[in-house]
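Trainee: Dumping the structure here so I can ask a few things about it.
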Amino acid sequence: MRYAPRRSDDGDLRSRLREIAAERRRFGYRRLGIMLAREGLVMNHKKLLRLYREENLRVRRRRGRKRAMGTRAPMALPQGPNQRWSLDFVSDTLISGRRIRILAVVDDFTRECLALVADTSLSGARVARELDAIIAVRGGPPLMIVSDNVLCREAAAGFGQQISMRRQPSARHAI
């Protein structure tokens, strides 16, 4: 005489497990087991995992963020003044412990420093205001602005230009 396994019919348990899993899509088998235990349906974790797998209730993995397709084109060298400006933020600490930040704006073709703005804090609105002042003096906006740091959204919106954020080595900003 051989042993014959006799599994009980878990139809009601399976249906309740499916109902809760449909309600709570991001719950795994452990959290579903806790919810079943609250309802009085207590079982071994191995049995719960087996039923969870047999019912094909696996939580789908979240997909990663979409990345840009294709390769980036190399940045073209400017052929004249006011074609490309570079922005760089530099910071230092005073003896008193206060930090100062300096905004440096450089024309990449002429290597001319258009502005050095020093303050304890530089908001996006302030950056936009300083860029507007430079535009008024230079007679027009540049075709492109590049920065090695991420500018504030307010500065980009306040400036109203197409701003290209590409990494450049800081050594290119000779001041």
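None of the figures in this text is laboratory data; all of them are computed from the coordinates on show. Remember, predicted model here, so these are calculated numbers, not experimental data. Cβ: placed from backbone, ideal geometry, glycine included. Neighbour counts: every protein chain shown.
Trainee: Could you check the spin-label model distance between Arg60 and Ala73? Points 7 Å from the Cα along Cα→Cβ, value in nm.
Mentor: Using points 7 Å along Cα→Cβ, the separation is 3.6 nm.
Trainee: What number comes out for the charge environment of Arg14, summing +1 per Lys or Arg and -1 per Asp or Glu over other residues with Cβ under 13 Å away?
Mentor: Values: positive: Arg7, Arg16, Arg18, Lys47, Arg50, Arg53; negative: Asp9, Asp10, Asp12, Glu19, Glu54, Glu55.
Residues near Arg14 contribute 0 overall.
Trainee: Per the Kirkwood treatment, what hydrodynamic radius in Å, one decimal, follows for the range 34-144 from the mean inverse distance over all distinct Cα pairs?
Mentor: For the range 34-144, the Kirkwood estimate is 20.0 Å.
Trainee: Here's something else I'd like to know. Take Ala125 and Ser91, extend 7 Å from each Cα along the Cα→Cβ direction, and tell me the distance between the two endpoints in nm.
Mentor: 2.1
Trainee: Can you list the trypsin sites (Lys or Arg not before Pro) in the range 99-138 that are in a DSSP coil and have 16 or fewer other beta carbons within 10 angstrom? Spell out each step's value before the answer.
Mentor: Values: sites: Arg99, Arg101, Arg111, Arg126, Arg129, Arg138; in loops: Arg111.
Answer by residue number: Arg111.
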